[in-house]
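Peer 1: I have a structure I would like to understand better, so I am pasting it below and will then ask my questions one at a time.
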Amino acid sequence: MTESEFLTRVVELIRPMRPGHPLRVAVDGPDAAGKSSLAAELARRLAPVRETITASVDGFHRPRAVRQRRGGLSAEGYYRDSFDYPALRAALLDPLGPGGSRRYRTVVFDHRTDQVVDLPPEQATDDAVLLFDGVFLLRPELREQWDLAIYLAVSPAESLRRALVRDLELFGSAESVRERYEARYLPGQQLYRAEADPAGRADVLVDYDDPARPRVLRWPAARALR
């Protein structure tokens, strides 16, 4: 199917889902998979019919000293130390979940400045949809927090190919991009797949090596959705 057809299908899946609290949708996948772009486009298409909240795991980093305590190129450090999952639950996922206050924050830490962000909470309606993108979203600490989980399966070679375009300015050279991906990000994703089996646990599994022609590998029956 085309990308537009895939997006339409996901929107039609989400629209009727009303679990009695804001719907929490994870958009998971490896680095440079296209998660943020997909979540943003889903939000744009859903906005006319449902209140939408967009957020990213990037707003829940741990301090740099914690993230890099195993070394700046450590794959294990990337997988185990990068993000503050208790803060993510406390600020966002629990308030939007069953019995939650609906008062949420989408950011608690700015990894660029390495500083805590203390913004006032916002208020969600029961009908809202959270579209949350990021890596490692189906690890044990989080997997039960999602009402719908989408996993974009992208091969390591394709992830690196995209990163060499997307992250060139961020890391300064193709050599630096390649070093970080081959030492830290791709092996970190391998650890995640081995320990958490995100492709096996996602409600929607899609081969996203070619975003213009995504291939749906798993689609949930309505009765199976949480």
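The values are calculated or read from the model by the stated rules, or taken from the named source; none is laboratory data. These numbers were taken from a predicted model, which means no experiment stands behind them. What goes into the accessible areas is simple: the full protein's heavy atoms, side chains included, and nothing from ligands, DNA or RNA. Shrake-Rupley method; radii C 1.70, N 1.55, O 1.52, S 1.80 Å.
Peer 1: May I ask you to give the percent of accessible area on the chain that is carbon plus sulfur, with a probe radius of 1.4 Å? Walk me through the intermediate numbers first.
Peer 2: Working: 5140 of 10480 Å².
C and S atoms contribute 49 percent here.
Peer 1: So what is the relative contact order for segment 134-216, in percent, with contacts set as C-alpha pairs under 8 Å and at least six apart? Don't jump to the answer; show the numbers that get you there.
Peer 2: Values: 72 pairs, mean separation 37.9, N = 83.
Result for segment 134-216 is 46 percent.
Peer 1: If you average the alpha carbon positions of segment 17-74 and of segment 99-150, how far apart do those two centres end up, in angstrom?
Peer 2: Segment 17-74 and segment 99-150 have Cα centres spaced 8 Å from each other.
Peer 1: State in Å² the accessible area per residue of segment 1-65; use a 1.4 Å probe, count heavy atoms of protein chains only, and round to the nearest integer.
Peer 2: Using a 1.4 Å probe on heavy atoms only, each residue of segment 1-65 averages 40 Å².
Peer 1: Further, regarding this structure: At 1.4 Å probe size, what's the solvent-accessible area of Glu175? Round to the nearest 10 Å².
Peer 2: 130
Peer 1: While we're looking at this one, here's another question. Helix-only estimate, please: 222 nm mean residue ellipticity of the chain, summing -39500 (n - 2.57) across DSSP H runs of length 4 or more and dividing by its residues, to the nearest 500.
Peer 2: -9000 deg cm²/dmol
Peer 1: What is the extension gain from Glu169 to His111, computed as 0.36 nm multiplied by their sequence separation minus the C-alpha to C-alpha distance, in nm to one decimal?
Peer 2: The Glu169-His111 span can extend by a further 19.2 nm.
Peer 1: Further question on the same structure: Over the chain, what is the relative contact order in whole percent, taking alpha-carbon pairs under 8 Å and six or more residues apart? Let's see the in-between values first.
Peer 2: Details: 402 pairs, mean separation 67.4, N = 226.
Reported relative contact order: 30 percent.
Peer 1: So, one more: So what is Rg over Rh here for segment 1-140, counting just Cα atoms and using Kirkwood for Rh?
Peer 2: Here the Rg-to-Rh quotient is 0.99.
Peer 1: With every protein chain left in place and a probe of 1.4 Å, what is the accessible surface of Leu191, to the nearest 10 Å²?
Peer 2: Accessible surface of Leu191 is approximately 50 Å².
Peer 1: If you rank Val27, Val108 by how much accessible surface each has, with a 1.4 Å probe, what is the order from largest down?
Peer 2: Numbers: Val27 0, Val108 20 Å².
Accessible-area ranking of Val27, Val108, largest first: Val108, Val27.
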